[in-house]
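Notes for the one structure printed next.
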């Protein structure tokens, strides 16, 4: 298999390095990642400035590129330019530093890179780890679960013709895999208002995760219970149920 | 009504200035927009740097803010901080310089600002004009259609509890409104590879719209035929149809 690997934490993040190394044991890997941290970039693409391309290596062995663009740019530029002569079979995005669960998927650079893979007609999987700043060894172990998942679905990749898989790996002991829905994630205390030393107002966006009731079959519950959550996520955004109701309005 | 207005082209764009002026004839308007051009930013939010806040005015009369963040940041910061004491009834994003049709909605900062409004439990509408770099007068005329749309739906805003309206205004004569689905938009010649004067490779993302067969009830067909397209767009991203099929795989 030919597997394109990207992420949103940048080319020097442990998550992509360990993923690329582990995947290189079962496939040809083609790596292109942002040159620096680009998380929470959603599905941004770069059209108001050019995208610079840098030569890189992963672990001194795996040829890679970093670019001055976003995660979605990486997949677009990877498939349409850097690796245009390669028949890419699968796009992997991750392993992300921290979870991408529930409503947060809309903000996720990790998921958006996979969604760009889907737009490019490639089976695509986003992978995140449910804790921040873990060590290389935990990423390596997590990458082995990704290899196992790829082995299970590599003959059924047609299932990914209209959705990506959004995968979240729990911290601690892994009890197995669960197919899930996106849960509901909201935050308290979202903005932190401050004053600069010069009296100018500025804001940090952050917040604490709200305790909300979740469906038993949600990604949030699965990960909290020690399961690797796999959610099929799509970009069919039209709300078809509302079309007839809107047509009743006299416009 | 209290209406929050934002955009992705920045606080100095004609589209938001004319929209704010026109909407101020029917409602109290609260304006917060990016300090510079932030189109194609998708649902990016700013979490790796603080967001600076600047005082602004629209047309010397309407108090406004610009921020160093993205369109989604504008709505988050507007509702949670700048206008937190105001009960916002509706979020408007636009009028965008150029269309946001079909698959492109996933990249659109204009649509993402409205989707952030939906996440914040506010009825939200994204408005785009199907041509680039039009004059103030065309935006003013378009803003009057937005006023007309608001008057038609202001007593039915509960329809927007689980979707935004993505509105595209056609160039030329307007024949009326059509409720539509998102069409299929793809591009040819997406990457333009160049060399810097110093021999370094870089890329511009762009491309030409592909001629694709479209559903008759798509936004693309409606706008091409001279109708204002209104598409209900949501963020329920779980692909429910695939859940049972994925459960059949031995993981």
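Note on residue A:132 and residue B:36: their simple-model spin labels are 2.7 nm apart, each label 7 Å out from Cα toward Cβ.
Each DSSP beta bridge with both residues in chain A is either parallel or antiparallel, and the antiparallel ones are about 40%.
May I ask you to derive the FRET efficiency for residue A:89 and residue A:193 from their Cβ-Cβ distance with R0 = 60 Å, giving the value to the nearest 0.05? Present the calculation step by step, with values, prior to reporting the outcome.
On the way: r = 48 Å, r/R0 = 0.80.
The pair residue A:89/residue A:193 has a calculated efficiency of 0.80.
Between residue A:213 and residue B:49, the modelled labels are 4.3 nm apart [label points 7 Å from Cα along Cα→Cβ]. Along the Cα-to-C-beta direction of residue B:200, a point sits 7 Å from the Cα; which residues of region A:5-33 have their amide N less than 18 Å from that point? In region A:5-33, the label zone of residue B:200 (backbone N under 18 Å from the point 7 Å along Cα→Cβ) covers A:11-12, A:33.
Think of it as helices only: each DSSP H run of n ≥ 4 in chain B is worth -39500 (n - 2.57), and spread over all residues that comes to -7000 deg cm²/dmol at 222 nm. Neighbour counting of Cβ atoms within 10 Å sorts the residues B:245, A:200, fewest neighbours leading, into A:200, B:245. Computed over chain B with a Gaussian network model linking Cα atoms closer than 10 Å, the most mobile of B:50, B:34, B:170 is B:50.
Placing a label point 7 Å from the Cα of residue A:173 along the Cα-to-Cβ direction, the distances to the matching points in the other copies come to 7.4 nm, shortest first.
Label-point spacing at residue A:200 relative to the other copies reads 2.7 nm, in ascending order, each point sitting 7 Å out from Cα along Cα→Cβ. Distances from residue A:60 to itself in the other copies, using label points 7 Å out along the Cα-Cβ axis, amount to 6.9 nm in increasing order. Sorting A:112, A:128, A:49 by the number of Cβ atoms found within 10 Å of their own Cβ, with the fewest placed first, yields A:49, A:128, A:112. Label-to-label distance, residue A:148 versus residue B:1, with points set 7 angstrom from Cα along the beta-carbon direction: 5.3 nm. Roughly speaking, what % of Cα-Cα pairs in the protein assembly as shown are separated by over 30 Å, rounded to a whole number? Percent of Cα pairs beyond 30 Å in the protein assembly as shown: 46. For B:218, A:148, A:108, A:66, the sequence from fewest to most other C-beta atoms within 10 Å is A:148, A:66, B:218, A:108.
Only the coordinates and a few stated rules stand behind these numbers; no lab work does. Computed from a prediction, not measured in an experiment: that's the story for all the values here. Virtual Cβ from ideal backbone geometry, glycine too; neighbours counted across all protein chains shown.
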